[in-house]
Amino acid sequence: EMHVSGHSRFKAAELNVDGTIQLRGDMPSTLTLHFNRLDVDSVLRTYLRSRVTGHSAVAGDLQLRGPLRQPRELEINGNLNDFFADVENIKVRNSGPISFAISNQFLRIQQFHLVGEGTDLSVGGTARLNGEHELDLRAQGHANLQLIQSFDPDFTTSGEVAVDLTVGGTINKPTTQGRLQITNGSIAYSDLPSALSGINGSAVFNQD
């Protein structure tokens with residue numbers, strides 16, 4: 001049995017690792033990671049197409065339990081007490097801890113609540129990380145429409161949208177049910193010669 005204890009200090013962040021590893025078989029292990037002000041700008045830029053406009057950081061704890069030689073069988077429990085991001089010049093952060101768990105290739109979002117300028121959004125549910133990647137997610141609250149630009153820079157948007165959606169099916173064939181209520185919205189698309197403004201109304205989704 002090997003005991004692991006480590007401490008890394010960066011310019012504005014720190015990371016602590018503690019746990020045990022059995023030096024046999026598939027190396028069953030229990031490891032705890034505690035981090036503070038850990039920079040996640042590069043991760044967000046990868047998934048949000050470089051639309052990160054300010055510093056983003058996270059703090060909290062991760063616990064890993066299971067065989068290191070079989071990473072897909074690892075159980076991971078996360079509890080992030082502080083998350084801050086600046087996307088499209090909109091600053092958002094968590095309200096309450098962000099809690100999630102991964103086991104048997106299954107992600108369960110137990111608590112995820114973001115607040116910011118024109119944004120108060122809660123997300124929860126489950127997603128399978130293998131096979132057909134089945135989804136069972138729910139989003140409620142309201143968000144700044146400008147965040148859409150983060151996912152597709154061909155759009156220019158503003159306004160606010162109230163969200164009450166459930167997403168099922170799979171990643172390749174998602175089914176969406178619920179409603180989006182748009183208030184004073186505007187949207188322009190790079191391939192279209194004109195834009196829409198003063199949008200007020202609702203969009204109702206039924207499956208696909």
Checklist outcome for this item: Cβ pairs under 6 Å, 6+ apart or interchain, first in region 139-160 and more than 19 Å from Asn200 (Cβ to Cβ) and at pLDDT 85 or above, second in a strand (DSSP E or B) and of a type outside the set (A, V, I, L, M), ordered by first then second residue, are Gln140/Ser122; Gln140/Asp164
Item to check | Pairs, first over 23 Å from Leu64 (Cβ atoms) in region 81-108, second acidic (Asp, Glu), C-beta under 6 Å, six or more apart | outcome: Ile90/Glu117
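Residues checked against (1) surrounded by 15 or more Cβ atoms within 10 Å (Cβ to Cβ); (2) at pLDDT 95 or above:
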{"position": "Val43", "(1), (2)": "no, no"}
{"position": "Gly66", "(1), (2)": "yes, yes"}
{"position": "Pro71", "(1), (2)": "no, no"}
{"position": "Glu88", "(1), (2)": "yes, no"}
{"position": "Glu132", "(1), (2)": "no, no"}
Checklist entry - Leu31 fails exactly one of the following numbered conditions: (1) out of contact with any Phe, Trp or Tyr (no Cβ under 6 Å at 6 or more places or on another chain); (2) modelled with pLDDT of 95 or more; (3) closer than 26 Å to Val163 by Cα; (4) open to solvent by less than 50 Å² (accessible area, probe 1.4 Å). What is the number of that condition? => result (3)
Next on the checklist: Restricting to region 101-135, give me the number of residues that are over 17 Å from Gly169 (Cβ atoms) and in a loop (DSSP other than H, G, I, E, B).
Outcome noted: 5
Checklist entry - Among the strands (runs of 3 or more DSSP E) contained in region 152-208, which hold 3 or more residues that are open to solvent by 70 Å² or more (accessible area, probe 1.4 Å), over 21 Å from Ile109 (Cβ atoms) and not acidic (Asp, Glu)? => result 174-189, 196-207
Checklist entry - If the Cβ limit is 7 Å and pairs must be 6+ apart or interchain, which residue in region 172-193 that is more than 20 Å from Gly159 (Cα to Cα) pairs with which residue that is open to solvent by 90 Å² or more (accessible area, probe 1.4 Å) and outside any strand (DSSP E or B)? => result Thr175/Asp208
Checklist entry - Only one of (1) open to solvent by 20 Å² or more (accessible area, probe 1.4 Å); (2) under 28 Å from Asp208 (Cα atoms) is not met by Ala127, so which one is it? => result (1)
Item to check | Filter result for Gln22 (within 21 Å of Gln110 (Cβ to Cβ) and either free of Cβ contacts under 8 Å to residues at least 40 places away in the same chain or surrounded by fewer than 15 Cβ atoms within 10 Å (Cβ to Cβ) (or both)) | outcome: no
Checklist entry - Just to be sure, is Leu147 of a type in the set (A, V, I, L, M, F, W, C) and either touching a strand residue (DSSP E or B) at 6+ places or on another chain (Cβ under 6 Å) or assigned to a loop (DSSP other than H, G, I, E, B) (or both)? => result no
Checklist outcome for this item: Only one of Ala143, Ala139, Ala127 is within 30 Å of Pro67 (Cβ to Cβ) and of a type in the set (A, V, I, L, M, F, W, C), namely Ala127
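The values are calculated or read from the model by the stated rules, or taken from the named source; none is laboratory data. Computed from a predicted model, the values in this text were never measured in an experiment. Cβ coordinates were reconstructed from backbone atoms using ideal geometry, including for glycine residues, and neighbour counts include every protein chain displayed. Protein only, heavy atoms only, side chains kept; ligands, DNA and RNA dropped before computing areas. Shrake-Rupley method; radii C 1.70, N 1.55, O 1.52, S 1.80 Å.
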